[in-house]
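Everything on this sheet refers to the single structure shown next.
The values are calculated or read from the model by the stated rules, or taken from the named source; none is laboratory data. Computed from a predicted structure; not experimentally measured. Every residue, glycine among them, receives a Cβ derived from its backbone with ideal geometry; neighbour counts consider all protein chains shown. Heads up: the accessible areas ignore ligands, DNA and RNA and are worked out on the full protein's heavy atoms, side chains in. Shrake-Rupley method; radii C 1.70, N 1.55, O 1.52, S 1.80 Å.
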Amino acid sequence: MDLDVIFLGTAGSAPTAQRSPSATLVRRGGDRLLFDCAEGTQRQLLRSSIGLVDLEEIFITHFHADHYLGLPGMLKTFALRGREVPLSVYGPRGLQSLLGALRRVFGTLTYPLEVVELRPGEELERDEYAIVPFAVHHSGAGLGYALVEGERPGRFDVDTANRLGVPDGRERGLLQCGEAVTLTDGTVVQPEEVLGESRSGRKVVLTGDTAPVAGVVEAAAAADLLVHEATFCADEVDRARETLHSTAAQAALVAQEAGVRLLALTHLSSRYPGSAVAAEAQAVFPATVVPRDFDVIEVPFPERGEPVLVRKGAREGRAGVVSER
């Protein structure tokens with residue numbers, strides 16, 4: 001099952017010539033999950049290799065304009081195309097009020113729109129994974145989100161299956177899915193006889209805007225990928241504290257304490273080049289990258305390698321893997 005993260009907007013509060021404001025698309029198999037929908041998000045999708053697909057779920061982290069201002073335009077565009085597929089928008093408390101006020105902007109829709117306010121820890125169960133909202137430390141109501149896969153069956157032991165007389169085909173498939181099978185001679189083979197220890201699934205965590213806080217460390221524990229804001233560098237640590245944002249070094253310390261495999265820094269202020277943000281973070285946590293718009297991070301299962309950053313992966317295909325460690 002493929003899992004990757006597409007960075008559609010990596011700027012801070014305002015767009016720049018190179019970076020759009022916050023929007024991140026997570027793809028898992030056929031699922032497309034959009035986290036934040038800043039100004040210009042639908043155009044970023046149209047400029048990408050993905051296109052403006054009929055998203056079914058959008059997650060808003062908080063209600064600062066640089067995280068939701070593109071939502072009414074996207075909702076209206078879907079209606080202009082005659083969309084009929086339902087759409088669900090999730091966010092913290094206050095989302096109902098926000099969408100109610102925005103209705104005068106996007107008007108009547110051609111499809112059902114579900115607006116769901118979430119509380120920290122209120123899991124959304126999906127097929128083989130869950131979306132888990134968690135509290136962050138920023139002005140106003142805000143949530144981060146963790147995509148957490150369930151455990152996977154252990155590796156299938158072919159030699160043991162052969163020894164037990166399990167034929168190729170359906171029976172082995174059932175055992176791999178955790179079901180016992182009965183052989184032609186009446187022998188019952190249990191899954192644990194031919195499967196190794198269960199293997200953990202993957203975990204991707206997106207914080208939205210937040211000051212460094214213990215709750216984010218807990219939510220990101222052992223994540224394969226942590227996408228964390230880095231609005232400031234160390235020279236503006238006082239400003240970061242006042243505005244409840246993070247410096248690059250603070251985000252790196254969160255990643256270090258959480259034991260993540262890869263840290264991706266976003267929400268960059270125009271005052272800092274990406275190289276400066278990366279250098280500050282990598283001094284604390286070497287496994288750090290600073291994506292640009294249209295970059296992709298591929299998240300394989302742990303036994304298949306480390307998460308990798310693909311520059312312009314959503315614009316020109318696999319343009320090349322870049323390691324910034």
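Counting only protein heavy atoms and a probe of 1.4 Å, the accessible surface of the chain is 48% carbon and sulfur. Each peptide in 4-15, 64-75, 223-234 receives the mean, over its residues, of other Cβ atoms within 10 Å, and ordering these scores from highest gives 223-234, 4-15, 64-75.
Residue-wise HN-Hα couplings along region 250-260, as the Karplus relation 6.51 cos²θ - 1.76 cosθ + 1.60 with θ = phi - 60° gives them from phi, are 5, 4, 5, 5, 4, 4, 5, 5, 7, x, 7 Hz; Gly and Pro carry x.
When the helices of the chain are scored as -39500 (n - 2.57) per DSSP H run of n ≥ 4 and the total is divided over every residue, the value at 222 nm lands at -7000 deg cm²/dmol. Would you mind telling me the antiparallel percentage of the DSSP bridges in the chain, rounded to 5? Just about 65 percent of them are antiparallel.
What separates the Cα centres of region 106-155 and region 270-296 is a distance of 27 Å.
Tally Lys and Arg at +1 and Asp and Glu at -1 over the other residues with C-beta under 15 Å from the C-beta of F156: what net charge comes out? Taking every Cβ under 15 Å from that of F156, the sum is -3.
The separation of region 175-240 from region 9-84, counted between C-alpha centres, amounts to 25 Å. For G30, the shell of other residues with beta-carbons less than 14 Å away shows a net charge of -4, using +1 for Lys and Arg and -1 for Asp and Glu.
At a threshold of 8 angstrom on Cα-Cα distance, excluding pairs fewer than six apart, so keeping six or more, what relative contact order does region 1-136 reach in percent? Walk me through the intermediate numbers first.
Working: 253 pairs, mean separation 22.6, N = 136.
Contact order relative to length: 17 percent.
In terms of packing, defined here as the mean over residues of other Cβ atoms within 10 angstrom, the peptides 95-102, 35-42 line up highest first as 35-42, 95-102.
Can you tell me how the chain classifies by the Cα gyration tensor, rounded, prolate or oblate, using a/c under 1.5 as the rounded cut? Prolate, because a/c is 1.5 or more and a/b exceeds b/c.
Computed from backbone phi with θ = phi - 60° and the Karplus coefficients 6.51, -1.76 and 1.60, the 3J(HN,Hα) list for region 117-122 is 8, 10, 10, x, x, 7 Hz; x is used for glycine and proline.
Only one residue of Y68, V136, V53 has its Cα farthest out toward the positive end of the dipole of region 51-169, where Lys and Arg carry +1 and Asp and Glu -1 on Cβ, and that residue is Y68.
Rounded, prolate or oblate: which fits region 1-149 when a ≥ b ≥ c are the square roots of the eigenvalues of the alpha-carbon gyration tensor, with rounded for a/c under 1.5 and prolate only if a/b beats b/c?
Working: a/c = 1.12, a/b = 1.09, b/c = 1.03.
Note, shape of region 1-149 comes out rounded.
Around the Cα centre of the chain, unit charges on the Cβ atoms of Lys, Arg, Asp and Glu (plus for the first two, minus for the last two) sum to a dipole of about 1280 debye.
What does the C-alpha gyration tensor say about the overall shape of region 85-172? Classify as rounded when a/c is under 1.5, otherwise prolate if a/b is larger than b/c, or oblate. Taking the square roots of the gyration eigenvalues as a ≥ b ≥ c, region 85-172 is oblate.
Per residue, the chain exposes an accessible area of 44 Å² to a 1.4 Å probe, with every protein chain left in place.
With a cut-off of 8 Å between alpha carbons and a minimum separation of six or more residues, what is the relative contact order of the chain in percent? Could the numbers behind the result be given before it?
Values: 764 pairs, mean separation 51.0, N = 325.
Relative contact order here is 16 percent.
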